Each structure stands twice: as structure tokens, then as C-alpha cells.
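What follows is a short report on a single structure.
The values are calculated or read from the model by the stated rules, or taken from the named source; none is laboratory data. The shown structure was predicted, so the numbers you read here are calculated from the model rather than taken from an experiment. Reconstructed Cβ throughout: ideal geometry from the backbone, glycine too, with neighbour counts over all protein chains shown.
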Amino acid sequence: MGLLLSCVALFSLSLAAVLFVPELLPDRTRIQVIEGIDEQPGQDGRLLGHFPYPEALVDQLVPVEAGIELHRDAALSLDAMRRAAAADGVDLRLLSGYRSQELQKSIFFDVKSERNQTAAERAKVSAPPGYSEHSTGYAVDLGDGADPATNLSAAFERTAAFSWLQDHAASYHFTLSFPAVNSQGVSYEPWHWRFEGSADALRRFEPARRLANGG
């Protein structure tokens, strides 16, 4: 009887911790409502197609280039990948890495206002704050140094850099986040790749990966 009461008490404490301390919940169960967006997140946590992501901690970030930081794990793998590409004559350029949620907020709402877009229209090409892969420090925007006119455009898919990435990125644990046809309904972004080479990164992107695989 004493053992049974102890188990009941332990279960009650665990349940209370989950109910009253939201930080103990898995990332995918947290619902983030964004001021300025009327739409609400769905049951899987997605808002306008995008999954919620936590912001990388300051001590997890390392400088990669002037003004660009990445999670240290992604930075190491990106460096190895760029060296390999260079050895093959391909100039992989890093255009963007980690973005704070404050910066993402500005990118989303300021451009939305300038272009007179609805939130749904803006979300096709940019994630709402709190829902960007860039905030994890694991996502990168890449370009071709030999063809900068294709930066951040669908035309990047015609470059030597994109062809090389298709053949080799997986070897360095990078995957294309938003292919031409994707289950999240986000516009095609051949330049946007995410790192999945650590247990933490895999956990962060597991919901997106499961959706892409039809799970």
C-alpha cells in the first residue's frame, strides 16, 4: 500500500509540473500566438504552414562570417562542406544564418507592410517570428559566388552550387527545407538548407521531417 501511495504521489507531482511549468513540455506541443496575426496555430503547432522553433542560446552561437552566426554544430559542418565544394571548384557563399526572433519579426511585419501583403501571403516566403528555422541557428541561406544574381531566388536551382548541394549536402547533414513541392505549403526556396547532424537538431526538425515524409 505504501508503494502504491508513493507512485500516486509521484505521478501527481509529475502531472502538476507539466501543467504548471510549460517549459517541460516538448517543443512541438507549445502554442505560440503572434500579435498582429489573426490566424491561430493548428493542432500540430504550425502557423501559416510554419512549425514553431525556439531561439538558439547565446552560448551556442559562433561567428562564421562578418555579421553572421550559426549554432556551433552547424558551423563546423558548414565549414567542412564549403571546403569540399571549393575543392570541386564551387564557391558556396553564406548569405544568412542565425536570426533572432526580434529580427525575424521585423523581416516579417515590415516587409508585409511595405508590400501590402496579408499574413498568409507573407508567410509563403517568410516565417512569422517564433516560427523560423533560422532562429535555431541551424538554418542557412546559400548562394553561388560565381552567379550572385541568383541569390535568394528560384534561379539559384540552375547554378553549379545548387547542383553540388543536391549531390553532396546530405553527406554534411544538410537538407533542403522547402523543395518545389512541400507539405508545409511554403514557397520553393532552393537556397534554404537546414542542418540535421546532431541529436538536438534532429529533435528540433522532427515534426517538419515527419510531415514531409507523410507521417
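Within segment 9-62, take every residue that is farther than 18 Å from residue 118 by Cα and small (Gly, Ala, Ser) and give me the one that is modelled with the highest pLDDT. Let's see the steps before the verdict.
As a first pass, look at segment 9-62 and keep what is farther than 18 Å from residue 118 by Cα: 9-32, 42-45, 51-62.
Imposing the further condition that a residue be small (Gly, Ala, Ser) reduces the set to 9, 12, 14, 16-17, 42, 45, 56.
Details: 9: 43, 12: 44, 14: 41, 16: 39, 17: 39, 42: 92, 45: 93, 56: 97.
Step by step, filter segment 9-62, then rank; the result is 56.
Could you list, in sequence order, all residues of segment 181-199 that are exposed (fewer than 14 other Cβ atoms within 10 Å of the Cβ) and modelled with pLDDT of 95 or more?
199
Is it the case that some residue within segment 108-129 is closer than 30 Å to residue 35 by Cβ, at pLDDT 95 or above and in contact with a strand residue (DSSP E or B) (Cβ under 9 Å, 6 or more places away or on another chain)?
Of segment 108-129, the ones closer than 30 Å to residue 35 by Cβ are 108-129.
Right, trim to at pLDDT 95 or above and you get none.
No, every residue in segment 108-129 fails to be closer than 30 Å to residue 35 by Cβ, at pLDDT 95 or above and in contact with a strand residue (DSSP E or B) (Cβ under 9 Å, 6 or more places away or on another chain).
Examine segment 190-202 for a residue that is part of a helix (DSSP H, G or I) and under 29 Å from residue 145 (Cβ atoms), and state whether such a residue exists.
Within segment 190-202, one or more residues are part of a helix (DSSP H, G or I) and under 29 Å from residue 145 (Cβ atoms).
Please enumerate the residues belonging to segment 56-67 that are in a helix (DSSP H, G or I) and over 19 Å from residue 196 (Cβ atoms). Step through it out loud before you land on a result.
From segment 56-67, those in a helix (DSSP H, G or I) are 58-60; that's our starting set.
Passing the criteria: 58, 59.
Give segment 52-67 a look and list any residue that's closer than 25 Å to residue 171 by Cβ, surrounded by 13 or more Cβ atoms within 10 Å (Cβ to Cβ) and not small (Gly, Ala, Ser), or say none.
Within segment 52-67, 53, 60, 61, 62, 64 qualify.
Tell me which residues, restricted to segment 168-189, are assigned to a strand (DSSP E or B) and out of contact with any Ser or Thr (no Cβ under 9 Å at 6 or more places or on another chain). So that I can check it myself, show each step before the final result.
At the first step, the residues of segment 168-189 found to be assigned to a strand (DSSP E or B) are 174-178, 189.
Once the filter is applied, which keeps residues that are assigned to a strand (DSSP E or B) and out of contact with any Ser or Thr (no Cβ under 9 Å at 6 or more places or on another chain), segment 168-189 yields 175, 176, 177.
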